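Data block below; observations after.
The values are calculated or read from the model by the stated rules, or taken from the named source; none is laboratory data. Remember, predicted model here, so these are calculated numbers, not experimental data. Cβ: placed from backbone, ideal geometry, glycine included. Neighbour counts: every protein chain shown.
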Amino acid sequence: MSSNVMTLRRKSFSCRVENVETNSEMSVLDLPELVLECILERLPPEGLYSMASVCSSLREKCTSKYLWEKHMKEKWGRVLGPAAHREWLWHISSRNDSSFFNQAKERGLMTYLSQFWPISLVRSNPSTSFKKKVPPAIDSIMSMYLALESGKFWFPAQVYNRENGHVGFMLSCYDAELSYSRRTDTFQARYPPHGRRAMAIETGVTWDRLRVPPLDTSPHDLYISDCLTELCPGDHIEIQWRRNKEFPYGWWYGVVGHLETCDGNEYYCRCHESDTVVLEFKQYTHGSRWRTTHIDRKDHREEGNEADGFYGGIRKLHSNEEISMWRRLWPSDVLE
């Protein structure tokens with residue numbers, strides 16, 4: 001047997017080095033710094049949790065911002081936008097003195113972690129103890145990751161085809177608050193009340209129905225369009241729409257169409273020169289009152305009435321990824 005055998009001790013998570021006559025055991029902390037960093041970078045989140053229980057030195061390394069930023073980006077980057085990060089700052093500010101974090105301080109890191117992951121993933125040896133048991137800093141990336149995984153942190157995002165694809169919301173995207181379930185790998189969505197209607201709650205929302213809000217605009221505020229002068233037939237757009245003035249806006253998919261006086265011939269079309277822009281929602285059948293609407297290119301604000309709803313700001317879609325997403329959601333049957 002070699003005089004230097006490196007082992008990760010299975011029965012004890014102690015980081016001490018023991019010297020005996022015929023065998024020297026080396027702890028993981030005796031590894032070169034670069035090697036240890038490479039190992040930690042390859043660990044999944046639950047692996048980092050387990051390693052954080054070994055000793056104070058590894059706890060410091062395993063809770064580093066660098067490691068957790070990578071995990072945060074890989075899993076949560078596609079659904080967390082500026083609004084979600086603002087909500088997190090408010091969340092940790094309001095919980096500084098709450099039992100949620102006080103319990104973590106009193107009961108130690110591993111008990112704290114067990115709130116978020118199965119006990120089997122984070123349980124340490126009974127003999128293990130830290131000189132000072134402290135949880136991750138509440139404003140750390142690790143804490144945010146834990147709160148998201150646990151479902152304790154509700155974050156703002158947008159949901160396509162809300163309420164399980166209710167026919168009244170086909171090809172739309174609405175703001176909601178989301179809570180994650182690790183058991184099902186899906187989300188629970190809370191939609192804000194609509195007028196006198198109570199808050200709607202939807203379960204089983206899948207990852208592919210979520211997106212970061214493309215604009216940092218409240219669903220109750222009119223978006224001031226900056227693309228009206230360039231809109232031409234065939235352009236893909238999203239437009240704000242709400243049932244009445246008490247409702248928040250949702251974003252609805254449509255395309256720019258031709259004026260009735262235009263035959264659609266691309267060589268003679270002059271629709272882009274008109275002050276009137278035709279918007280088509282082709283998921284609705286011909287003759288439906290929802291099929292088309294007209295807006296004023298030069299002076300568009302909010303247009304509509306209590307019968308047909310109110311059309312708000314417009315954003316032109318430039319990304320093929322966004323357009324493909326709407327096409328993927330296209331209903332199998334034409335709507336009335």
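Given the criteria at pLDDT 50 or above, among the charged types (D, E, K, R), touching a helix residue (DSSP H, G or I) at 6+ places or on another chain (Cβ under 8 Å) and part of a helix (DSSP H, G or I), does GLU69 qualify? In short, yes. Residue count for the stretch 304-330 under the criterion of being surrounded by 15 or more Cβ atoms within 10 Å (Cβ to Cβ) and not hydroxyl-bearing (Ser, Thr, Tyr): the result is 13. Residues that are touching a strand residue (DSSP E or B) at 6+ places or on another chain (Cβ under 8 Å) and among the hydroxyl-bearing types (Ser, Thr, Tyr) were ranked within the stretch 218-259; the one that is farthest from GLN158 (Cα to Cα) is SER225. Evaluating LEU215 against the criteria (1) closer than 24 Å to TRP290 by Cα; (2) among the aliphatic types (A, V, I, L, M); (3) surrounded by fewer than 18 Cβ atoms within 10 Å (Cβ to Cβ) leaves one unmet condition, (1).
Yes or no: the stretch 199-211 includes at least one residue that is within 15 Å of PHE155 (Cα to Cα) and small (Gly, Ala, Ser). No, the conditions are met nowhere in the stretch 199-211.
Considering each of ARG190, ARG243, ARG197 in turn, give the residue that is within 17 Å of the chain's Cα centre (by Cα), over 25 Å from SER319 (Cα atoms) and not acidic (Asp, Glu). After applying the criteria, what remains is ARG190. Is it the case that the stretch 250-260 has a residue that's surrounded by 15 or more Cβ atoms within 10 Å (Cβ to Cβ), modelled with pLDDT under 95, charged (D, E, K, R) and in the same structural domain as LYS298 (by TED's automatic domain parsing)? Looking through the stretch 250-260, none of the residues is surrounded by 15 or more Cβ atoms within 10 Å (Cβ to Cβ), modelled with pLDDT under 95, charged (D, E, K, R) and in the same structural domain as LYS298 (by TED's automatic domain parsing).
Using the structure shown, decide if SER218 is of a type outside the set (A, V, I, L, M) and without any contact (Cβ under 8 Å) to a residue 40 or more places away in the chain. When the stated conditions are applied, SER218 passes them. Between LEU178, LEU222, LEU171, the distinction of being surrounded by 13 or more Cβ atoms within 10 Å (Cβ to Cβ), on the phi > 0 side of the Ramachandran plot and outside the structural domain of TRP88 (by TED's automatic domain parsing) belongs to LEU171 only.
Checked against (1) assigned to a helix (DSSP H, G or I); (2) among the polar types (S, T, N, Q); (3) under 30 Å from ASP308 (Cβ atoms), THR217 meets all criteria but (1). Those strands (runs of 3 or more DSSP E) of the stretch 255-336 in which 1 or more residues are on the phi > 0 side of the Ramachandran plot occupy 303-305, 309-316.
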